[in-house]
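**Q** Let me give you the structure first, and then I'll get to my questions.
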Amino acid sequence: MIIKGEILSHSYQGKGYIVIKNGIIKKVQQDKPKEKGEFIDAGDKLVIPGLIDMHAHFREPGYEHRETIESGSKAAVHGGVTTVAIMPNTSPPLDSIETIEYVKKRAQQVGLIDILPVGAITKKRYGKDLVDFETLAPHVVAFSDDGTTPQSFKVFLKAAQLARVVGKPIADHAEITELSGGSIREGKFSKAYGISGIPDIAESIAVARDVEIARYTGAHIHVQHLSTSASVKILRDAKKRGVPVTAEVTHHHLLFTDEDLRDRSPFKKINPPLPRKEDQEELIKGLLDGTIDIIVTDHAPYSKEEKSTNIEEAPFGISGIETLLSSLFIIAEKYEIPFKVLLEKVTWKPAQLFDLGLKGDIIPGYSGDIVILDPSKTWRVNEENLFSKGKNTPFLNKTLPGVIELTIKNGKIVYRRDSID
């Protein structure tokens, strides 16, 4: 396969040709190569690495009415995502070799993307008895009780110690549950809208715990979906001191705030809750100064029935894997951030952070995971054109920038919009 277009990646920027053979990028050059094969002329369209989403929920096994590995994979390639880390809050959870191997087998059967299971920290995610870290480590990319975190400091400390021994990060959903209990961020808008609030300290106290345990044990602790300015400041200071902590933020937390819940939409109910404006400003600052390492979706699909209720009763979660790339264009324009800076947060950075090997760049030797998109075009988000079973997105019936024309996985076209010349 030979691709011609406007290439944008960590290692190459400008017009050029990409030669992919046996699923691997063989050449990236300005001049037309001599090799023969399927030729794709992308013209002036952008050619970028396949996106890497290190935080998503595909729900299978156990919650197939919300999403399956197949529907989630189709949604991913529609969104230009070729590698996905899936969280362990399935039923049964990913706390055993048997369940993890089931997920891997299903991913191979579907064959659209690379799926990286995240193993649970505790058995059944109850926060009490630790899983067998040594046995699970070769089969997972990280450990997490995502959706919650062990509330016992002693249990979390032991988990971090074991994670360091096996060389895998802890991806922590930082939340003190006894301080939570609301539906949106606590503040003037929760009061004005009459919606129960979640105080920011429910997150920041847990982040402070993560930092201290990372410092004490030397374990790599990755803090998931940051949402408060206090958390960003705690992590910024920790990184300056050399503590082995990293962090992520979702595109939703960069685009929406608690004020946007004036419509009381359950499609904007997410945990951690949407930030206040001052929190969002600090999240952007943290993203740019390196305090926040990567951008994720926290793709959390739900059935229409589950989300068709009032905001207080609806479950937390936004379906987001298909709107990630479009969101990056909006964030870039809104905050005057070069698109390449944001692109690295969903390609090169996660590959480096989680030691994913030869992914996230367009360079010889790397996986032939490529996305061709047209930034000048727009698309309208509606239930019919979303591949995910979860239609619970705040972008529903909105027009978004950036249309994906082709998604290529290991040199094979896995999604085509049929508009490439």
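**Q** Let me confirm something: among 204, 227, 196, which residue is farther than 25 Å from residue 349 by Cα and either polar (S, T, N, Q) or touching a helix residue (DSSP H, G or I) at 6+ places or on another chain (Cβ under 9 Å) (or both)?
**A** 196
**Q** Output the residue which, of all residues in segment 12-40 that are charged (D, E, K, R) and under 31 Å from the mean Cα position of the chain (by Cα), is least open to solvent (accessible area, probe 1.4 Å).
**A** This residue is 27.
**Q** Mind listing whichever residues of segment 162-214 are open to solvent by less than 30 Å² (accessible area, probe 1.4 Å), acidic (Asp, Glu) and assigned to a helix (DSSP H, G or I)?
**A** Correct list: 203, 210.
**Q** Right, residue 270: touching a helix residue (DSSP H, G or I) at 6+ places or on another chain (Cβ under 8 Å), open to solvent by less than 30 Å² (accessible area, probe 1.4 Å) and either within 29 Å of residue 82 (Cα to Cα) or hydrophobic (A, V, I, L, M, F, W, C) (or both) or not?
**A** yes
**Q** Looking at (1) part of a helix (DSSP H, G or I); (2) surrounded by fewer than 15 Cβ atoms within 10 Å (Cβ to Cβ), which is the one condition that is false for residue 103?
**A** Among (1) part of a helix (DSSP H, G or I); (2) surrounded by fewer than 15 Cβ atoms within 10 Å (Cβ to Cβ), residue 103 violates only (2).
**Q** Of the conditions (1) open to solvent by less than 50 Å² (accessible area, probe 1.4 Å); (2) on the phi > 0 side of the Ramachandran plot, residue 48 clears all except one; give me its number.
**A** Of everything listed in (1) open to solvent by less than 50 Å² (accessible area, probe 1.4 Å); (2) on the phi > 0 side of the Ramachandran plot, residue 48 misses just condition (2).
**Q** Separate question: Every residue in segment 62-100 that is crowded, with 23+ Cβ neighbours inside 10 Å, outside any strand (DSSP E or B) and touching a helix residue (DSSP H, G or I) at 6+ places or on another chain (Cβ under 6 Å), please.
**A** 69, 73, 79, 80, 93, 94, 95
**Q** Next question. From the set of residues in segment 236-257 that are under 21 Å from residue 141 (Cβ atoms) and free of Cβ contacts under 8 Å to residues at least 60 places away in the same chain, which is surrounded by the most Cβ atoms within 10 Å (Cβ to Cβ)?
**A** 247
**Q** Look through 375, 394 and report the one residue that is open to solvent by 10 Å² or more (accessible area, probe 1.4 Å) and part of a strand (DSSP E or B).
**A** Result of the check over 375, 394: 375.
**Q** How many residues, within segment 106-127, are in a loop (DSSP other than H, G, I, E, B), farther than 30 Å from residue 400 by Cα and in contact with a strand residue (DSSP E or B) (Cβ under 6 Å, 6 or more places away or on another chain)?
**A** Residues that pass the stated criteria total 2.
**Q** Residue 187: out of contact with any Lys or Arg (no Cβ under 6 Å at 6 or more places or on another chain) and either of a type in the set (Ser, Thr, Tyr) or at pLDDT 95 or above (or both), yes or no?
**A** no
**Q** Answer with yes or no whether residue 220 is open to solvent by 10 Å² or more (accessible area, probe 1.4 Å) and either in contact (Cβ under 8 Å) with a residue 40 or more places away in the chain or within 17 Å of residue 298 (Cβ to Cβ) (or both).
**A** Considered against the rule, which asks whether it is open to solvent by 10 Å² or more (accessible area, probe 1.4 Å) and either in contact (Cβ under 8 Å) with a residue 40 or more places away in the chain or within 17 Å of residue 298 (Cβ to Cβ) (or both), residue 220 comes out as yes.
**Q** Continuing with this model, one more query. Please pick out the residue among 215, 264, 236 that is closer than 25 Å to residue 326 by Cα and out of contact with any strand residue (DSSP E or B) (no Cβ under 7 Å at 6 or more places or on another chain).
**A** 264
**Q** Checking residue 225 against (1) open to solvent by 10 Å² or more (accessible area, probe 1.4 Å); (2) on the phi > 0 side of the Ramachandran plot: exactly one of these is not met. Which one?
**A** Evaluating residue 225 over (1) open to solvent by 10 Å² or more (accessible area, probe 1.4 Å); (2) on the phi > 0 side of the Ramachandran plot leaves (1) as the failure.
The values are calculated or read from the model by the stated rules, or taken from the named source; none is laboratory data. Predicted, not measured: the structure shown is a model, and the values here were computed from it. Because the Cβ atoms are built from the backbone with ideal geometry, glycine has one as well, and the counts that use them run over all protein chains shown. Side chains are part of the model used for accessible areas, which takes the heavy atoms of the whole protein and leaves out ligands, DNA and RNA. Shrake-Rupley method; radii C 1.70, N 1.55, O 1.52, S 1.80 Å.
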